[in-house]
Amino acid sequence: MATISRTRLFCVMSAGLVVVAAACWLASGAFPLAAAPQVVPDAPGVSVNMNGNQLLHRSPVPYPPEAVAKGVEGTVVVQVKLDANAEVSDATVLSGPEELRKVVIQSVLTWHFDKIAAQTTRVVNIDFVLPAKPAPATVMPTRGPAPMMTQQPAQATPQQPITFRTAVPAPPPPAPPPPPTSGRLDHIVIDGLTDSARSELLAQLPIHEGGQWTEQMFASVREAVTKFDSHLSVGLARSTGGELTLSIGNVHSVGNGTTAPTVLTRVDPEYSEEARTAKYSGSVQLSIVVGTEGKAQDVKVTKSLGMGLDEKAVEAVQKWVFKPGTYQGVPVNVRALVEINFRLLDKE
């Protein structure tokens, strides 16, 4: 009798395990695990609260050194408007310290939200807390008498001429090789996107790893990438081993190792006849991306003045020549804010 009971018990437990295993298989098949959230290296002391909004990618938020030096802390609340592609078309700071607003706007204008948020308005909070200062190094006292100097520095006298020795500058680095124009595409590297967004972008590219790269392919790839997200940059390079790599990544913001672009050649904007007649003055603020070739791209008006002056400001900035910003010494696309002032002279 005991043997029969044990047999029944074993059968019941086995059947239960089968049911549990089947349930786990169905659960994992019907509800796949979500991808890990995107990790963005914000500056120390900076934390971003998305208020439940989902992003495909965003650029990091720096902590302005001048704000750190002044001890400025606080929360910047920013409202963003999203276009049909869920990219930020406009951003307005609702509250927050003045010293922290500019870097927030520069970063937020490159963000790309999940497609479900297209053509909506969202609010995010960015907290700035001063990072803890490293503890000063402790110098342990040494026992015994202080070591004596074996050589005294030379004393200059009026009779002895003082000579200054200048270091010979190192020769400039060799110019980088021209970009490759053809060959087998070995790698496609996409940086700063979630797994789902990366897969979606790869499916829209006109070429895949192992395909044949041609000189005309770059324009097609850039068009596909810009259509997917206008904030992404495209680069092509051949390694020392001869492998060809297509890299796609975010536009950089100043800070965290990224230097700001500088203006080399400036063209003054013209006054519109409407504004000149009305003796109208003010400033237009533009958000631009300075490309690696030193020209302004993706020019957007973030502070309008009207009377045709917005268009005049855009026309002028598109003619400017910049020294590109760099990341770790390499030219990269950098988002920047430009303010154009319109002032009439007294004689006008």
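The values are calculated or read from the model by the stated rules, or taken from the named source; none is laboratory data. Bear in mind the structure is a predicted one, so any value in this text is a computation, not a measurement. Cβ sites come from the backbone with ideal geometry, for glycine too, and all protein chains shown count toward neighbours.
When you look at E339, is it at pLDDT 90 or above, surrounded by fewer than 19 Cβ atoms within 10 Å (Cβ to Cβ) and either of a type in the set (G, A, S) or not in a loop (DSSP other than H, G, I, E, B) (or both), yes or no?
No.
Select, from V284, V301, V314, V289, the only residue that is at pLDDT 90 or above and not in a helix (DSSP H, G or I).
Criteria check complete, one pass: V284.
Step by step: first the residues of segment 265-307, then only those that are of a type in the set (K, R) and surrounded by 15 or more Cβ atoms within 10 Å (Cβ to Cβ), then the one that is nearest to P324 (Cα to Cα). Which residue is that?
K295
So in segment 197-217, with the set limited to residues that are more than 23 Å from the chain's Cα centre (by Cα) and part of a helix (DSSP H, G or I), which one is modelled with the lowest pLDDT?
Among those that are more than 23 Å from the chain's Cα centre (by Cα) and part of a helix (DSSP H, G or I), it is M217.
Please go through segment 308-317 and pick out each residue that is under 16 Å from T265 (Cβ atoms) and surrounded by fewer than 19 Cβ atoms within 10 Å (Cβ to Cβ).
Within segment 308-317, just E315 meets the criteria.
If we keep just the residues of segment 237-248 that are at pLDDT below 75 and in a strand (DSSP E or B), which is nearest to R58 (Cα to Cα)?
Out of the qualifying residues, it is A237.
Of everything in segment 320-335 that's of a type outside the set (G, A, S) and not in a strand (DSSP E or B), which residue is surrounded by the most Cβ atoms within 10 Å (Cβ to Cβ)?
If we take residues in segment 320-335 being of a type outside the set (G, A, S) and not in a strand (DSSP E or B), then N333 is surrounded by the most Cβ atoms within 10 Å (Cβ to Cβ).
So, in segment 205-231, exactly how many residues are in contact (Cβ under 8 Å) with a residue 40 or more places away in the chain and in contact with a Ser or Thr (Cβ under 8 Å, 6 or more places away or on another chain)?
The number of residues fulfilling the criteria is 1.
Report the residue count in segment 56-73 for those that are in contact with a helix residue (DSSP H, G or I) (Cβ under 9 Å, 6 or more places away or on another chain) and either part of a loop (DSSP other than H, G, I, E, B) or surrounded by 16 or more Cβ atoms within 10 Å (Cβ to Cβ) (or both).
Residues in segment 56-73 being in contact with a helix residue (DSSP H, G or I) (Cβ under 9 Å, 6 or more places away or on another chain) and either part of a loop (DSSP other than H, G, I, E, B) or surrounded by 16 or more Cβ atoms within 10 Å (Cβ to Cβ) (or both): 12 in total.
Yes or no: S28 modelled with pLDDT of 90 or more and either within 28 Å of N333 (Cβ to Cβ) or surrounded by fewer than 17 Cβ atoms within 10 Å (Cβ to Cβ) (or both)?
So S28 fails the test.
Looking at V299, V334, V290, which is the one that is in contact with a strand residue (DSSP E or B) (Cβ under 7 Å, 6 or more places away or on another chain), outside the structural domain of H112 (by TED's automatic domain parsing) and free of Cβ contacts under 8 Å to residues at least 24 places away in the same chain?
Step by step, each of V299, V334, V290 is checked, and only V299 is in contact with a strand residue (DSSP E or B) (Cβ under 7 Å, 6 or more places away or on another chain), outside the structural domain of H112 (by TED's automatic domain parsing) and free of Cβ contacts under 8 Å to residues at least 24 places away in the same chain.
If I go through segment 303-348 residue by residue, how many of them are touching a helix residue (DSSP H, G or I) at 6+ places or on another chain (Cβ under 8 Å) and aromatic (F, W, Y)?
The number of residues fulfilling the criteria is 1.
Report, by residue number, each residue of segment 257-277 that is in contact with a Gly (Cβ under 8 Å, 6 or more places away or on another chain), in a loop (DSSP other than H, G, I, E, B) and at pLDDT below 90.
Within segment 257-277, T259, A260 meet the criteria.
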